[in-house]
1. Could you say whether any residue in segment 255-274 is aromatic (Phe, Trp, Tyr) and within 25 Å of Leu182 (Cβ to Cβ)?
2. Determine if segment 372-388 includes at least one residue that is of a type in the set (Lys, Arg), at pLDDT below 95 and in a helix (DSSP H, G or I).
3. Mind checking which helices (runs of 4 or more DSSP H) fall wholly inside segment 391-487 and carry at least 3 residues that are within 29 Å of Ile354 (Cα to Cα) and among the hydrophobic types (A, V, I, L, M, F, W, C)?
4. Considering segment 489-501 alone, what residues qualify as being among the hydrophobic types (A, V, I, L, M, F, W, C) and under 18 Å from Arg515 (Cβ atoms)?
5. Can you pull out every residue in segment 475-504 that is surrounded by fewer than 22 Cβ atoms within 10 Å (Cβ to Cβ), under 17 Å from Met431 (Cα atoms) and touching a residue at least 12 places away in the same chain (Cβ under 8 Å)?
6. Of all residues in segment 191-235, how many are open to solvent by 10 Å² or more (accessible area, probe 1.4 Å), part of a helix (DSSP H, G or I) and farther than 27 Å from Lys158 by Cα?
7. Are any of the residues in segment 263-274 outside any helix (DSSP H, G or I), in contact (Cβ under 8 Å) with a residue 12 or more places away in the chain, within 29 Å of Lys215 (Cα to Cα) and among the hydroxyl-bearing types (Ser, Thr, Tyr)?
8. Between a first residue in segment 179-201 that is farther than 21 Å from Ile237 by Cβ and a second residue that is crowded, with 19+ Cβ neighbours inside 10 Å, which pairs have beta carbons less than 8 Å apart while being 6 or more apart in sequence or on different chains?
Amino acid sequence: MNPLRSSLLNRLTRRNLETHRLLTESLYSIAPPASVASAAAEEKRRYSSGRTTFRSSELLQKIYPLGDPNDANLVSVLDSWVNIGNRVRPWEIQHVIRDLRKRRSFKQALEFAEVSETFCKTYPVVQILNFHLVLFLFVSRVHGLASAEAYFNKLQGKDKNNKSYGALLNCYVRDCLVDKSLTHLQKMKELGFASTALTYNNIMCLYTNTNQHEKVPLIFSEMKKNKVSPDNFSYRICMNSYGVRSDIEMAEIILEEMEKQPHIVVDWNTYSTMAGIYIKAGLSDRAISTLKKMEERMEWNNGLAYGHLISHFANLGDKSEMQRIWELQKSNCKRITNNDYKVMLAGLVKLGEIEGAELLFNEWESSGNHFDCRVPNILLNEYRKMGLLEKAETMLNKMEENGKTPLSSGWGILANGYAQEEEMRKAFECMRKALALYVSTAGWQPDSEVVSRIVGWLGEQGKAEELDMFLGLLSKAVNLDREMYHAMIKANIRDGKDVDWVLRGMKAAKIKIDRETEEILRVKESDQTSSVGESEADDSQQILN
């Protein structure tokens, strides 16, 4: 076992077993028996203040201070936390795990789940807990579907239950695997495991994600026929399926039905969905009326809800309401996150309020939040659309000077802009910077059309060294194709350089000679001086054969 994990585990095991049981149950979000829940509540009261403020926020700051959890070694941080005398309480761990899941930091969540799995194996009393479920979900996120299926197939006995079946269904739905999802659903029905709204919600999501919106109401009707009560999300996704197809009347009927259900409390998110449907249909008055209902039902400190409101008012073109909601959010929410800034910035840009967007960007820069390239990229993209490329480049250079190194995407945006303006030298320089900063896990990929234009330009006009360097960087992100090898041949021939190494690379990549390749080599044979004679052309032909 990793020494850090071992250290943390040893420190945790010095607590009493009841506390461990509460901690593990909280971690996996499994509803405990009433007696355990009561004990957890009592433990929570003992260590909470009058305002029910826990140190979980302090622990979160240790893991990723205003920043990105992907850079944090979670177990190391927890070990240090315990080492200085802090207790790791159930609700603190639950808070951290939920936050990691929300931030899609599944690797760190899996790391902690593995620590808990080891603990469960060490202490049989805790094995009554279904820790497999959360571990299974994290495995699928980190290692992919095949690993999730393998994990599922290894489960035995009571571990192969409605929760583990539901977890695998969720994986199939997430990957939009219609046939596998429906086959798995049928198996769940045969076992009596398709008895919750979550199962049917998954299938409705499947049809939504595969643009089969007309099938969503059929599943909604089926779940009611099978006496499974729809929940808020069930109604919302069905309502949305009608909205996508511009069937406003049926969307309103679904909302009215939902409002009449005694077991349903219509939340702000539902009214947000309906408002979006009205806005898309151009029904501004109905949208505004619905947004008022939404605002009445949202929690005063819910940052996500404020973001929805701001986006809706941006789509309505109402800057004053956007600003009102933004001020409310800053007043009521303890912290304004990067995502909050992104929403407001995107809204201002949408309305053409560039000066306001620039002021907000400056505010974000001084906020102390972790650098997130997606925030400046909103402004960079707008500069590109407006043709303000020098301003965009100045912005990127300034961030670099301040130690806020932009990621590949920023320079990629600028390369796109310069390519559109036919300034290929500048497009090349910007894309070169983007590729030099390339990280496969960052989510950015070079625009294939821009890359093709740069490669073509270098092949015809650039220096061989420049093209070779550029393609060397590009190979980290994409596989080199025939066009790129042909450009290398042209550039090296033009500079009077040997091309055999290029042809060998072409052969290794299993790219066969074609008529265009032959034509390029014939140009070489006819144009080259005595330093490159007919014998070398023959050698080049042999390499390709």
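The values are calculated or read from the model by the stated rules, or taken from the named source; none is laboratory data. Quick caveat, the model's predicted, so the values are computed rather than measured. We place every Cβ from the backbone using ideal geometry, glycine too, and count neighbours over all the protein chains shown. Quick note on the areas: whole protein, heavy atoms, side chains included, nothing else; ligands and nucleic acids left out. Shrake-Rupley method; radii C 1.70, N 1.55, O 1.52, S 1.80 Å.
1. no
2. yes
3. In segment 391-487, the matching helices (runs of 4 or more DSSP H) lie at 408-420, 424-436.
4. Selection gives Ile489, Ile493, Val499.
5. Matches in segment 475-504: Lys476, Ala477, Val478, Asn479, Leu480.
6. Of the residues in that region, 16 qualify.
7. No; the residues of segment 263-274 include none that is outside any helix (DSSP H, G or I), in contact (Cβ under 8 Å) with a residue 12 or more places away in the chain, within 29 Å of Lys215 (Cα to Cα) and among the hydroxyl-bearing types (Ser, Thr, Tyr).
8. From residues that are farther than 21 Å from Ile237 by Cβ, the pairs are Lys187/Tyr165; Leu191/Tyr165.
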